[in-house]
Amino acid sequence: MNRDPVAFLKEDMTELRRSNLEWIIRYLEGGSKPHCIVNGKEVLMLNTNNYLGLATHPKVVQASIDATKKYGAGAGAVPVIAGSFDLTREFQEKFAKYKEVEASLLCQTGFAVNSGLIPMLVGKPDIVVSDELNHGSIIDGVRLSGAKRVIYKHRDIPDLEKQLKEAEKGGARRICIITDGVFSMDGDMAPLDKIVNVAEDFGAMIFVDDCHGEGVLGEGKGIVAHFNLQGKVHVEGGSMSKGFGVFGGTVAGSKDLIEFCKNKSRTYLLSTAHPPGVVAANIASIEVVESEPQHVKAVWEHTNYFKKEVQSMGYDTGRSETPIIPLIIGDPGKAQELARILFEEENIYGTPIVFPMVARELSRIRVQMNALLTKDDLNTALSSIEKVGKKLDII
Ligand SMILES: *Cc1c(COP(=O)(O)O)cnc(C)c1O
């Protein structure tokens, strides 16, 4: 047949470019820090998940170097075959203690936790009740499971209750409520205390994905500690790649959960374990959060200051309650223009977030606070954001 089997590659990309939806990767020439060289230009970075600045913390970096020297660069196998180290056991024990749970597991990534574990926790005879703004990796995990998916309105407890009643009537084998802890586009939090109350009435399992909460909420321990719900949430998924500044997915919960996950999660069973340097850096990162509380404190001080200032300029920060601060603009073209001018003329690096990540009319740039920012950095960023916002008639 006379057709080009890969013509769609160029066609699809042309369409994405025409709709202004192409992602352009920018390259950091050095560590992920507030003062950072990006595409050859020194900028102030306001868009990293490395909230506490631990990606470049000397103790974390040194732990990685030491472990790499002792153990080498790669793990050699998936964990269940021959890829787990005494370091991994140490991490898992330390992390479980930190999270105040019986046990924990270091998995490949947060994404891999959701895509590998959710389809084992629920299947065809079950119902998943999911917040409408949950992360894409949760959506993928639920799709893979084959369970029936019911969406409840964002953070809406009466709607959640209504959906749970329906699910109960339908005679599902298991009911699982899944929610992000912190929602990454708006920086708001799941009402986990209320979810726990409702879940108990229906015998529903609770799965919270705390990727943006760990290192930030509850003195760094995450959303469960924030609401004092230790022992009441069945599955906590997380990531060492954000607030902790290193890399890896985590599962925290009962010993039964962790044994189950080790034996069933397909991503855990089929994907190679972390390099030892990563595992050691993860251990060091938890130690730093525990011994140096100033980092969590700083990120919150910056958050409160920055949010108050942008709000007083007239920016709409939506429902933000965390160091994720959206500046909601509305028009996607304007959001992209704001981000472009900030980067090119003001050396401020913030990310435009447009459809399909958020509704078209809620286009925004998203900034995230970082413990390593100084008051001067914040004031520099604020004055640029005010200047360009006025120029574009946003404020
Ligand atoms: C970032 C994120 C993930 C993915 O975590 P990685 O460790 O980067 O794979 C999953 N869920 C949520 C809510 C996230 O924000």
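The values are calculated or read from the model by the stated rules, or taken from the named source; none is laboratory data. Not measured: the values here are computed from a predicted model. Positions of Cβ are generated from backbone atoms using ideal geometry, with glycine treated the same way; all protein chains shown enter the neighbour counts.
Sort out which residues of segment 1-53 are in contact with a Leu (Cβ under 9 Å, 6 or more places away or on another chain), closer than 30 Å to GLY218 by Cα and assigned to a loop (DSSP other than H, G, I, E, B), and write them in order of number.
LYS33, PRO34, LEU46, ASN50, LEU52, GLY53
Tell me the residue from ALA82, ALA7 that is more than 26 Å from PRO332 (Cα to Cα) and modelled with pLDDT of 95 or more, please.
Exactly one of ALA82, ALA7 is more than 26 Å from PRO332 (Cα to Cα) and modelled with pLDDT of 95 or more, namely ALA7.
Quick one: which of GLY277, GLY218, GLY248 is buried (at least 19 other Cβ atoms within 10 Å of the Cβ) and either within 14 Å of the ligand (Cβ to nearest atom) or among the charged types (D, E, K, R) (or both)?
Residue meeting the stated conditions: GLY248.
Which condition does GLY243 not pass, out of (1) more than 16 Å from the ligand (Cβ to nearest atom); (2) closer than 27 Å to GLY277 by Cα, if it passes all the others?
(1)
May I ask you to say which residue of GLU42, GLU29 is surrounded by 11 or more Cβ atoms within 10 Å (Cβ to Cβ), touching a His at 6+ places or on another chain (Cβ under 8 Å), within 30 Å of GLN294 (Cα to Cα) and of a type in the set (D, E, K, R)?
GLU42
Mind counting the residues in segment 198-235 that are more than 30 Å from ILE65 (Cβ to Cβ) and of a type in the set (D, E, K, R)?
Within segment 198-235, residues that are more than 30 Å from ILE65 (Cβ to Cβ) and of a type in the set (D, E, K, R) number 4.
Find all pairs meeting these conditions: Cβ atoms under 6 angstrom apart; at least six residues apart or on different chains; first residue within segment 224-236 and within 13 Å of ASN197 (Cβ to Cβ); second residue polar (S, T, N, Q) and modelled with pLDDT under 95.
none
Give me the strands (runs of 3 or more DSSP E) completely within segment 89-195, filtered to those with at least 3 residues that are under 17 Å from the mean Cα position of the chain (by Cα), ordered by residue number.
So the answer is 175-180.
Quick check on my filter: what residues within segment 354-371 are among the hydrophobic types (A, V, I, L, M, F, W, C) and surrounded by 24 or more Cβ atoms within 10 Å (Cβ to Cβ)?
Once the filter is applied, which keeps residues that are among the hydrophobic types (A, V, I, L, M, F, W, C) and surrounded by 24 or more Cβ atoms within 10 Å (Cβ to Cβ), segment 354-371 yields ILE365, VAL367, MET369, ALA371.
Mind listing whichever residues of segment 318-363 are at pLDDT 95 or above and in a loop (DSSP other than H, G, I, E, B)?
GLY318, ARG319, SER320, GLU321, THR322, PRO323, GLU345, GLU346, ASN347 - these are the residues of segment 318-363 that are at pLDDT 95 or above and in a loop (DSSP other than H, G, I, E, B).
Out of segment 135-176, which residues are buried (at least 22 other Cβ atoms within 10 Å of the Cβ), more than 15 Å from the ligand (Cβ to nearest atom) and within 29 Å of PHE355 (Cα to Cα)?
Within segment 135-176, ALA147, LEU160, CYS176 qualify.
Please identify the pairs in which a residue from segment 369-394 that is within 22 Å of GLY215 (Cα to Cα) has its Cβ atom under 7 Å from the Cβ atom of a residue that is assigned to a helix (DSSP H, G or I) and of a type in the set (Gly, Ala, Ser), counting only partners at least 6 apart or on another chain.
Matching pairs, first to second residue: ALA371/ALA298.
Which of the residues that make up segment 93-123 are more than 16 Å from the ligand (Cβ to nearest atom), surrounded by fewer than 24 Cβ atoms within 10 Å (Cβ to Cβ) and touching a residue at least 24 places away in the same chain (Cβ under 8 Å)?
Of everything in segment 93-123, those that are more than 16 Å from the ligand (Cβ to nearest atom), surrounded by fewer than 24 Cβ atoms within 10 Å (Cβ to Cβ) and touching a residue at least 24 places away in the same chain (Cβ under 8 Å) turn out to be LYS94, ALA96, TYR98, GLU100, VAL101, GLU102, ALA103, MET120, GLY123.
From the set of residues in segment 289-306 that are in a helix (DSSP H, G or I) and more than 20 Å from the chain's Cα centre (by Cα), which is nearest to GLY248 (Cα to Cα)?
GLU290
Whether any residue in segment 290-297 is crowded, with 24+ Cβ neighbours inside 10 Å and more than 23 Å from ASP188 (Cα to Cα) is what I want to check.
no
Please enumerate the residues belonging to segment 64-90 that are touching a Ser or Thr at 6+ places or on another chain (Cβ under 8 Å) and buried (at least 16 other Cβ atoms within 10 Å of the Cβ).
ALA75, VAL78, PRO79, GLY83
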